[in-house]
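Every number in this text was worked out from the coordinates using simple rules, so none of it is lab data. All figures in this text were calculated on a predicted structure; none of them were measured in a lab. Neighbour counts are summed over all protein chains in view; Cβ atoms, including those assigned to glycine, are modelled from backbone coordinates with ideal geometry.
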Amino acid sequence: MATVLAIETSCDETAVAIVKNREVIYSLMASQIETHRQYGGVVPEVASRQHVEKVDWAIAECFKNTNFSWADIDGVAATCAPGLVGALLVGVTVAKTLAIIRNKPFLGIHHLEGHIYANYLSDPNLQPPFLCLLVSGGHTSLIWVKNCGEYQTLGQTRDDAAGEAFDKVARLLDLGYPGGPIIDKLASQGDPKAFPLPEGNISLPGGGYHPYDSSFSGLKTAVLRLVQKLKQEGTALPVSDIAASFQESVAKSLTRRAIACALDYGLKTIAVGGGVAANSGLRKHLQAAADAQGLRVLFPPLKFCTDNAAMIGCAAAEHLNRGHTSPLTLGVQSRLDIKDVMQLYN
Ligand code: KG4
Ligand code: ZN
């Protein structure tokens, strides 16, 4: 029964949480979105500096707002890969320092494993094996979750990640950053059938399509061409219809691949993770397709789809319960394949 203080600073959220196994005791997310919005995306150096400014305060809030003290904490965890190196370094350095001062074990956590573990916050009784559809700003993967620390990637994007596609399409429609939530909202007022858009199929040399891999750069280009054409025609841009058609195409593409993969591998549950797991179009399509196939589909609580420290704490608590701890010499890594996650532990 491990209780963990967890820190997540891999991108633009300074997040801390106290998690007891699969129960969130306290979770705080200090978003930097307002700062980065003026640049249209995350500026790494600015992100690192803001993490430095916020992280001590955020940790103090965890103890101030709960009746937990250091005596209740069994380990200190931080996201150590993948992510922005300078940003990761802030959380990892703080976690290691606290671990030394308070004489607690330190755990480095893989960010994507955290997104998988967000599903345990929806259903604490969830058990591997299951399939995770991981859709974030940096990743679009189908991951076979075999056990804690044991993962096999079965499908991925060949170019842009799903969240990245939302952000790029929002930018070309002048909607602002981050694009996902804005497009999701506009799509609810538009017609998803207004403009047929490609679903990003990857052709195989012998004919047919790759069943699990996806591509989103062609879809983004198709939206760009559509916008250029409509502008040339002098029509007022039907932004809601474009947003709805784009979202429909992403949702259908992800759903088709996830269902095919779950059926082929005999996995009865599809758990979704990452910022795009919040998308209402994806939730609707995947739920309907899973119901039709007798599969179970699980989403994290909405507030734990995008980056947060509760999911990091949940993964860390499970590793700690299994006796996994990280050496204090552990560094941060901008990239690390999820299959190599056990490299992080003694
Ligand atoms: O998981 P996350 O917070 O950070 C990464 O690890 O990348 O995901 C952020 C991504 C952004 O691209 C954002 O536009 C997207 O998730 N996102 C959404 C929604 N909310 C966030 N995409 C579609 N629909 C949403 N409701
Ligand atoms: Zn993330």
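Centre-to-centre separation between the Cα atoms of the range 199-270 and those of the range 102-149: 25 Å.
Estimated purely from DSSP H runs of n ≥ 4, each contributing -39500 (n - 2.57), the mean residue ellipticity at 222 nm for the chain is -13000 deg cm²/dmol once divided by its residues. Taking the dipole about the Cα centre of the range 76-199, with the C-beta of Lys and Arg at +1 and of Asp and Glu at -1, give me whichever of T93, A187, I109 is farthest to the positive side. The residue sitting most towards the positive pole is T93.
Computed about its Cα centre, the charge dipole of the chain is approximately 280 debye, with only Lys, Arg, Asp and Glu carrying charge at their Cβ. Exposure proxy for T79, T255, T14: other Cβ atoms within 10 Å of each Cβ, ordered fewest to most, give T255, T14, T79. Applying D = kT/(6 pi eta Rh) to the range 232-346, where Rh is the Kirkwood radius over alpha-carbon pairs, T corresponds to 20 °C and eta to 1.002 mPa s, the Stokes-Einstein value obtained is 124 µm²/s.
The shape of the chain can be summarised by an equivalent ellipsoid whose semi-axes, obtained from the alpha carbon gyration tensor, come to 35, 23, 17 Å from longest to shortest. Pairs from the table (K146/K185; K54/K303; K54/K168; K231/K303; K185/K303) lying more than 25 angstrom apart at Cα are K146/K185; K54/K168; K231/K303. Within the range 3-59, the proportion of Cα pairs with more than 13 Å between them is 58 percent. The ellipsoid that matches the Cα gyration tensor of the range 135-199 has semi-axes, each √(5λ) in whole angstrom, of 28, 13, 11, with the longest given first. In the range 69-213, the convex hull through the Cα atoms has an average projected area of 13.1 nm², a quarter of its surface area.
Work out the length of the dipole vector of the range 165-225 about its Cα centre, built from +1 on the beta-carbon of each Lys and Arg and -1 on the beta-carbon of each Asp and Glu, and round it to the nearest 20 debye. Taking the Cα centre of the range 165-225 as origin, the dipole is about 140 debye.
Using only alpha-carbon positions in the range 154-304, the gyration tensor eigenvalues give semi-axes of 27, 18, 13 Å once each is multiplied by 5 and square-rooted (largest first).
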